[in-house]
Ligand SMILES: Cc1ncc(COP(=O)(O)O)c(C=O)c1O
């Protein structure tokens with residue numbers, strides 16, 4: 001597959017979250033990918049240092065996923081998910097429930113992380129409504145990313161994702177983020193910043209506990225450039241939520257499926273939320289799919305409230321639990337289990353941590369943060385904040401490595417199938433690229 005400028009105009013496609021004008025002058029097309037490597041349209045080899053967009057821990061084009069989707073779609077290419085269903089959706093929900101923490105055994109399928117977040121918001125509203133409670137505030141956090149639908153944008157704590165979109169949900173209150181400049185370039189959970197969980201107590205004092213529906217957090221901030229929770233922070237949020245009947249939601253769209261140790265961050269940090277959102281690695285990135293796992297009594301409260309014989313939750317997507325996506329999800333979870341990929345990620349973590357933190361000595365590197373198989377390498381900004389990150393991501397691609405930047409943060413998230421040599425190649429190419437930046 002080659003780029004053919006006569007038949008493939010670059011103009012019509014409005015590329016998401018991209019510098020379209022720059023991209024169209026200097027396009028970077030991926031035309032093929034296998035395992036940890038991709039091929040660009042000029043025939044160059046590019047190592048994937050971000051597992052696509054943190055979705056593909058088992059590598060690109062895994063043959064077992066391709067076979068499973070192909071086989072499933074010989075029988076079914078679509079089944080209406082409203083009032084009919086198919087066996088693959090039940091099988092995948094069962095597999096997901098096996099991985100989620102005890103008590104979170106009900107799974108609603110969506111097509112993306114953004115839809116998972118908006119679905120979680122609506123399930124929470126339906127739950128409190130069913131209980132006759134008027135909890136109308138949602139708590140989020142600065143630096144948060146919860147996708148791009150209106151609910152997720154309302155929860156967002158990233159200014160660029162908000163400023164052009166003035167009409168968002170009312171009733172959202174933000175806690176402070178947990179980053180401080182007291183401990184820089186320290187791996188894992190830091191000991192500063194946990195006191196910011198007390199912001200939730202202040203919000204409770206200010207608005208009244210009985211008005212607060214839920215708190216949404218990414219257990220590890222992802223799109224802000226990898227921000228692990230300070231020691232004790234998630235535990236404190238859990239305790240405050242319990243004290244006031246507030247639901248705790250972990251947005252595990254990036255952290256789910258082995259990225260930070262344990263199947264979910266909830267396991268890695270030993271804190272169980274009431275609701276978890278997920279997507280990305282659910283299908284190893286091969287098919288669009290997300291999910292929301294909820295505590296059993298939340299499901300029961302909503303369903304029991306409805307009149308027998310009537311629809312209980314007026315929510316769902318045409319493609320919820322699509323047969324192809326379910327087949328991809330089942331195959332992906334089987335691969336993670338059979339190839340021991342979560343364990344492999346944990347074994348590789350110390351090597352990865354050391355490699356990525358070696359970049360901390362570079363004069364352009366402001367901070368390095370890491371947890372499990374994800375890390376943020378934050379550069380000092382240039383004159384216009386954000387531009388250095390865009391330029392670095394482009395230069396890095398032409399140096400043969402893909403890493404997703406947000407702002408000045410390189411988010412390094414190698415595939416779990418990566419060997420040590422792959423980690424060295426990713427970190428080496430990132431260093432070479434940073435070396436070439438004019439300070
Ligand atoms: C924590 C979190 N929530 C939600 C989303 C949105 O997911 P999607 O891009 O699949 O809509 C993302 C995407 O990166 C994410 O990191």
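From the list 225, 245, 208, 188, exactly one residue is touching a strand residue (DSSP E or B) at 6+ places or on another chain (Cβ under 7 Å) and exposed (fewer than 15 other Cβ atoms within 10 Å of the Cβ). Which is it?
Answer to the selection: 188.
Could you identify the single residue in 230, 170, 187 that is under 19 Å from residue 121 (Cα atoms) and assigned to a loop (DSSP other than H, G, I, E, B)?
Only one candidate passes the filter, namely 170.
Kindly establish whether residue 94 is farther than 16 Å from residue 223 by Cβ and free of Cβ contacts under 8 Å to residues at least 40 places away in the same chain.
When the stated conditions are applied, residue 94 passes them.
Step by step: first the residues of the stretch 285-309, then only those that are part of a loop (DSSP other than H, G, I, E, B) and within 14 Å of the ligand (Cβ to nearest atom), then the one that is surrounded by the fewest Cβ atoms within 10 Å (Cβ to Cβ). Which residue is that?
Restricting to residues being part of a loop (DSSP other than H, G, I, E, B) and within 14 Å of the ligand (Cβ to nearest atom), the top hit is 288.
Would you check which residues across the stretch 317-330 are buried (at least 24 other Cβ atoms within 10 Å of the Cβ) and in a helix (DSSP H, G or I) and list them?
325, 326, 327, 328, 329 - these are the residues of the stretch 317-330 that are buried (at least 24 other Cβ atoms within 10 Å of the Cβ) and in a helix (DSSP H, G or I).
Residues checked against (1) assigned by TED's automatic domain parsing to the domain that holds residue 369; (2) free of Cβ contacts under 8 Å to residues at least 24 places away in the same chain; (3) more than 19 Å from residue 373 (Cβ to Cβ); (4) in contact with a helix residue (DSSP H, G or I) (Cβ under 8 Å, 6 or more places away or on another chain):
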| position | (1), (2), (3), (4) |
| --- | --- |
| 252 | no, no, no, yes |
| 268 | no, no, no, no |
| 274 | no, no, yes, yes |
| 282 | no, no, no, yes |
| 285 | no, no, no, yes |
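When you look at residue 97, is it closer than 17 Å to residue 324 by Cα, more than 16 Å from the ligand (Cβ to nearest atom) and at pLDDT 95 or above, yes or no?
So residue 97 does not fit the description; no.
Got a number for residues in the stretch 100-122 being farther than 19 Å from residue 53 by Cα and touching a helix residue (DSSP H, G or I) at 6+ places or on another chain (Cβ under 7 Å)?
9
Scan the stretch 404-421 and give yes if some residue there is out of contact with any helix residue (DSSP H, G or I) (no Cβ under 9 Å at 6 or more places or on another chain), over 27 Å from residue 158 (Cβ atoms), modelled with pLDDT of 95 or more and not assigned by TED's automatic domain parsing to the domain that holds residue 110, otherwise no.
yes
Check the stretch 52-71 and report whether any residue there is within 30 Å of residue 247 (Cβ to Cβ) and more than 23 Å from the chain's Cα centre (by Cα).
no
Looking for something closer than 24 Å to residue 56 by Cβ, assigned to a helix (DSSP H, G or I) and touching a residue at least 60 places away in the same chain (Cβ under 8 Å) - is there at least one such residue anywhere in the stretch 398-412?
yes
Can you find a residue in the stretch 149-163 that is in a loop (DSSP other than H, G, I, E, B), out of contact with any helix residue (DSSP H, G or I) (no Cβ under 6 Å at 6 or more places or on another chain), more than 30 Å from residue 352 (Cα to Cα) and more than 16 Å from the ligand (Cβ to nearest atom)?
yes
Of the conditions (1) touching a helix residue (DSSP H, G or I) at 6+ places or on another chain (Cβ under 9 Å); (2) closer than 30 Å to residue 380 by Cα, residue 137 clears all except one; give me its number.
Result: residue 137 passes all but (2).
Quick one: in the stretch 105-142, of everything that is more than 26 Å from residue 284 (Cα to Cα) and assigned to a loop (DSSP other than H, G, I, E, B), which residue is farthest from the ligand (Cβ to nearest atom)?
For the stretch 105-142, the residue satisfying everything is 132.
Any residue in the stretch 379-389 that is assigned to a strand (DSSP E or B) and in the same structural domain as residue 46 (by TED's automatic domain parsing)?
yes
Quick one: which helices (runs of 4 or more DSSP H) sit completely within the stretch 1-104 and have at least 3 residues that are touching a strand residue (DSSP E or B) at 6+ places or on another chain (Cβ under 7 Å) and buried (at least 20 other Cβ atoms within 10 Å of the Cβ)?
87-99
Conditions (1) closer than 29 Å to residue 128 by Cα; (2) modelled with pLDDT under 95; (3) in contact with a helix residue (DSSP H, G or I) (Cβ under 8 Å, 6 or more places away or on another chain), marked per residue:
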| site | (1), (2), (3) |
| --- | --- |
| 196 | yes, no, yes |
| 205 | yes, no, no |
| 214 | yes, no, yes |
| 224 | no, no, no |
| 244 | yes, no, yes |
| 260 | no, no, yes |
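So is residue 260 away from the ligand (no atom under 14 Å from the Cβ), at negative phi and either within 12 Å of the chain's Cα centre (by Cα) or assigned to a loop (DSSP other than H, G, I, E, B) (or both) or not?
no
Checking residue 251 against (1) more than 12 Å from the ligand (Cβ to nearest atom); (2) touching a strand residue (DSSP E or B) at 6+ places or on another chain (Cβ under 7 Å); (3) within 20 Å of residue 178 (Cβ to Cβ), which single condition isn't satisfied?
(1)
The values are calculated or read from the model by the stated rules, or taken from the named source; none is laboratory data. Owing to the predicted nature of the structure, the values given are computational and were not obtained by experimental measurement. Quick reminder, even Gly has a Cβ in these numbers, built from the backbone with ideal geometry, and neighbours come from all protein chains shown.
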